[in-house]
Amino acid sequence: MDVRFLKHPQANIYLELMAYHVPKGNPAIPLQPKTFDMGGPRHIAMEVSNCNEVFDYLRRQEGVTMINRSENYHPVELEGFPITFFYWIDKYGIQWEMEEGRRVGISRGIA
């Protein structure tokens, strides 16, 4: 098993990443679970410095599916707030949110 810990320096939280080699798990990737289903991560949000550049990069990557498959899908600017965001799904069915512009600490639960 491979294990890595990532520590966020300001929030002082750790993220543990694990990859199992033995026992050999089921290699089949399940159908897209819903974000509210049990059994693993379903939604991960990350703050990025340039939403449009990240969007363009991810859209070209193999195994990436935008949450809206329309050619017109693009990062959305939240009305009334300086926040831009978009969603994508990785090859493991995890929904990711990329967000730019939120001021850290202005909402309850955000460090």
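Here are some notes:
- Residues in segment 50-64 that are among the aromatic types (Phe, Trp, Tyr) and touching a strand residue (DSSP E or B) at 6+ places or on another chain (Cβ under 8 Å): 55 alone.
- Within segment 17-30, tally of residues that are exposed (fewer than 10 other Cβ atoms within 10 Å of the Cβ) and either modelled with pLDDT under 70 or in contact with a helix residue (DSSP H, G or I) (Cβ under 8 Å, 6 or more places away or on another chain) (or both): 0
- Contact map, segment 21-42: first residue closer than 20 Å to residue 3 by Cβ and part of a loop (DSSP other than H, G, I, E, B), second residue at pLDDT 70 or above and hydrophobic (A, V, I, L, M, F, W, C), Cβ cut-off under 7 Å, separation 6 or more or different chains; pairs are 21/1; 41/94.
- Number of positions in segment 51-99 that are part of a strand (DSSP E or B) and either free of Cβ contacts under 8 Å to residues at least 40 places away in the same chain or under 25 Å from residue 27 (Cβ atoms) (or both): 12
The values are calculated or read from the model by the stated rules, or taken from the named source; none is laboratory data. This is a predicted model, so every value here is computed, not measured. Note that we place each Cβ from the backbone using ideal geometry, even for glycine, and neighbour counts take in every protein chain shown.
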